Amino acid sequence: MNGYNFAYLDEQTKRMIRRAILKAVAIPGHQVPFASREMPLPYGWGTGGIQVTASILGREDVLKVIDQGADDTTNAVSIRRFFAATAGVQTTTRTADASVIQTRHRIPEAPLTEQQILVYQVPQPEPLYRLEPSRAETTRMHALAEYGAMHVKLYEDIARLGQVAISYDYPVMVNGRYLTSPSPIPAFDNPKLHRMPALQLFGAGREKRIYAIPPYTDVRSLDFEDHPFRPHRADAACALCGSRQSYLDEVVTDNRGGRMFVCSDTDHCASRRAAGCEGVAA
Amino acid sequence: MSVAPATVVPPDRPGFADPVADAQATFRAVLDALARPGRIHPAGVGLDAPAPLAPATAALLLTLVDPDTPIWLAPALAAARDWIVFHCGAPLVADPGAAAFVVTTELPPLDRLAAGSDEAPEAGASVILQLAALGTGPRMRLTGPGLAAPSLFAATGLGAGFVAAWWANRALFPRGIDLLLCAGTELAALPRSVSVEAL
């Protein structure tokens with residue numbers, strides 16, 4: 001594209017973001033501040049993830065972008081087009097073919113490999129935000145590894161409701177040191193964070209933070225011995241491909257209470273159907 | 001306290017032939033090197049680096065260093081000073097403790113370098129250490145984030161006190177320095193999170 005540098009950002013901005021990414025990788029789970037730029041789309045549309053992707057992307061990369069698991073929703077389509085236009089990179093919807101995957105709120109069902117980088121769009125990087133609104137205070141809590149408040153929150157959930165009432169953005173401990181937000185992925189995806197072969201980078205544009213989980217790093221969802229972490233999944237099969245393992249979206253189909261469950265990961269569902277798997281609505 | 005050079009002599013050696021693509025390729029090499037400690041990557045291949053900088057060292061400087069990052073340059077590398085100032089525009093500092101990047105051929109006393117604070121450990125320095133060779137020399141076992149299983153690493157020129165110095169650095173975690181190792185056209189990295197044992 002004329003008038004822009006490769007992948008939109010200027011080289012000095014990329015260097016600044018790249019230095020932040022390197023420190024983030026060296027300190028797993030720690031939020032590194034960075035000078036987030038204004039992007040040609042508003043905060044909340046993945047500007048953090050886009051800046052991280054723009055800083056790592058090369059001409060030979062193959063980019064996949066998902067929004068809640070889907071390749072064909074507005075956010076995914078516009079970000080994919082953005083990089084096709086500004087970087088001229090090849091894009092794909094197939095998880096296995098991608099070298100860089102930018103994601104909003106899901107981890108693909110297909111296991112990722114060492115050759116891939118997963119970039120998360122993060123609205124609120126601070127896991128303690130709902131418990132302690134002061135950034136100065138949460139920074140100190142991270143410095144001291146003082147995470148009692150989060151355990152109390154989980155305990156109060158169990159005391160009142162009998163279970164932890166967090167279904168997405170479920171807090172994790174990274175490498176036994178930093179309490180970290182996995183971004184609003186469903187708790188169902190949390191086990192995939194643990195010792196993933198792919199490098200995971202997290203970008204929060206409005207909050208101006210970058211953090212990372214290196215490959216094969218221990219990631220533990222917070223829990224108690226007598227109330228172990230349990231990922232939740234709707235008790236149904238995908239109506240299109242019949243999967244009983246994948247994470248499902250509930251879709252309202254009419255005004256009479258009709259509904260169906262379908263895979264949230266559209267590429268996973270399509271590959272299963274291509275391989276002959278069928279659900280009740282197929 | 002940066003020492004602004006009075007005159008910069010335009011160096012006779014160029015920077016990257018393709019600044020955007022070459023910086024991106026070098027960044028991905030150092031990113032993967034930090035994400036997978038001890039893994040050796042090519043870097044600076046084809047770069048006409050000014051003596052005494054190795055191509056990998058020069059490529060790393062062109063990729064990461066700019067006017068925002070004060071650097072401390074070891075006297076042994078002083079001949080490349082004009083090239084670095086011209087191509088990177090980085091302020092040179094006299095105190096290694098004030099540098100974001102410490103560029104050297106021998107391991108400095110790590111406790112004299114910026115280690116960051118508990119609240120901002122990312123302010124810890126990056127040490128770009130140019131060595132004789134990677135993959136040969138005294139062997140070490142690495143464990144930590146990025147490694148599926150303990151892995152072997154070897155480098156020539158880290159010095160006898162390295163493992164002890166690294167343990168002291170590791171004990172500061174999350175504070176500490178990160179080590180970027182360069183030799184010829186290869187680089188590897190040891191982030192502060194990795195543990196090193198001599199074999």
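Return the carbon/sulfur percentage of the accessible area of chain A, one whole number, probe 1.4 Å, all protein chains in place.
Values: 6080 of 12160 Å².
The computed percentage sits at 50.
Placing a label point 7 Å from the Cα of A:TYR168 along the Cα-to-Cβ direction, the residues of segment A:212-232 with a backbone N closer than 15 Å are A:232.
Suppose accessible area is computed on protein heavy atoms with a 1.4 Å probe; arrange B:TRP72, B:TRP167, B:TRP83 from highest to lowest.
On the way: B:TRP72 50, B:TRP167 120, B:TRP83 5 Å².
Correct descending sequence by accessible area is B:TRP167, B:TRP72, B:TRP83.
Pairing chain A with chain B buries about 3300 Å² of accessible area. This figure sums both sides and uses a 1.4 Å probe. Charge dipole (Cα centre; +1 on Lys/Arg Cβ, -1 on Asp/Glu Cβ; no other charges) of the protein assembly as shown amounts to roughly 260 debye. Distance between the modelled labels on A:ALA234 and B:ASP111, one decimal in nanometres: 6.0 nm (7 Å Cα→Cβ projection).
Can you say what percent of the DSSP beta bridges in chain A, counting only those with both residues inside, are antiparallel? Round to 5.
60 percent
Placing unit charges on the Cβ atoms only, positive for Lys and Arg and negative for Asp and Glu, gives segment B:19-198 a dipole magnitude near 540 debye about its Cα centre. For chain A, the residue among A:VAL152, A:ASN190, A:LEU9 whose Cα projects farthest onto the positive side of the dipole built from Cβ charges is A:LEU9. Across segment B:19-198, the mean sequence separation of Cα contacts (distance under 8 Å, 6 or more residues apart), normalised by length, yields a relative contact order of 26 percent. Seen against the Cα atoms of chain B and their longest principal axis, helix B:55-64 is set at about 80 degrees. For segment A:106-142, backbone nitrogen atoms closer than 14 Å to the point 7 Å from A:ASP157 Cα along Cα-to-C-beta are found at A:127-131. May I ask you to derive the FRET efficiency for A:ALA281 and B:VAL45 from their Cβ-Cβ distance with R0 = 51 Å, giving the value to the nearest 0.05? Rounded to the nearest 0.05, the efficiency is 0.40.
A simple charge model with +1 on the Cβ of Lys and Arg, -1 on the Cβ of Asp and Glu and nothing else charged puts the dipole of chain A at about 580 debye relative to its Cα centre. Placing R0 at 45 angstrom, the Cβ-Cβ distance between A:ALA143 and B:ALA148 gives a FRET efficiency of 0.90 after rounding to 0.05.
So what is the accessible area of segment A:190-282 per residue, in Å², with the probe set to 1.4 Å?
Details: 4810 Å² over 93 residues.
Value for segment A:190-282: 52 Å² per residue.
For A:ILE210, the shell of other residues with beta-carbons less than 12 Å away shows a net charge of +3, using +1 for Lys and Arg and -1 for Asp and Glu.
Skip the ligands, DNA and RNA, and give the accessible area per residue of chain B with a 1.4 Å probe, whole Å².
Working: 7560 Å² over 199 residues.
Counting only protein heavy atoms, the per-residue value for chain B is 38 Å².
Each stretch of four or more DSSP H residues adds -39500 (n - 2.57); spread over every residue of chain A, this sum gives -8000 deg cm²/dmol at 222 nm.
Among the lysines of the protein assembly as shown, pairs at least eight places apart or on separate chains and with Cα atoms under 24 Å apart come to 8. Per residue, the average separation of C-alpha pairs within less than 8 Å and at least 6 apart gives chain A a relative contact order of 21 percent.
Within a 10 angstrom radius of each residue's Cβ in B:141-148, how many Cβ atoms of other chains show up on average? Whole number is fine.
On the way: counts 0, 0, 0, 5, 17, 9, 4, 5.
Mean shielding count: 5.
For B:PRO121, the shell of other residues with beta-carbons less than 9 Å away shows a net charge of 0, using +1 for Lys and Arg and -1 for Asp and Glu.
Shown for segment B:19-198: the carbon plus sulfur share of the solvent-accessible area, taken with all protein chains present and a 1.4 angstrom probe, equals 57%. Beta bridges from DSSP with both residues in segment B:19-198: antiparallel share about 60 percent, rounded to the nearest 5.
DSSP bridge analysis restricted to the protein assembly as shown gives an antiparallel fraction near 60%, rounded to the nearest 5. Count Lys and Arg as plus one, Asp and Glu as minus one, and take only other residues whose Cβ is under 9 Å from that of A:PRO182; the net charge is then -2.
The values are calculated or read from the model by the stated rules, or taken from the named source; none is laboratory data. This one's a predicted model, so the numbers in the text were calculated from it and none came from an experiment. Using ideal geometry, Cβ is built from the backbone for each residue, glycine included, and neighbour counts are taken over all protein chains shown. All accessible areas refer to the heavy atoms of the entire protein, side chains included, with ligands and DNA or RNA removed. Shrake-Rupley method; radii C 1.70, N 1.55, O 1.52, S 1.80 Å.
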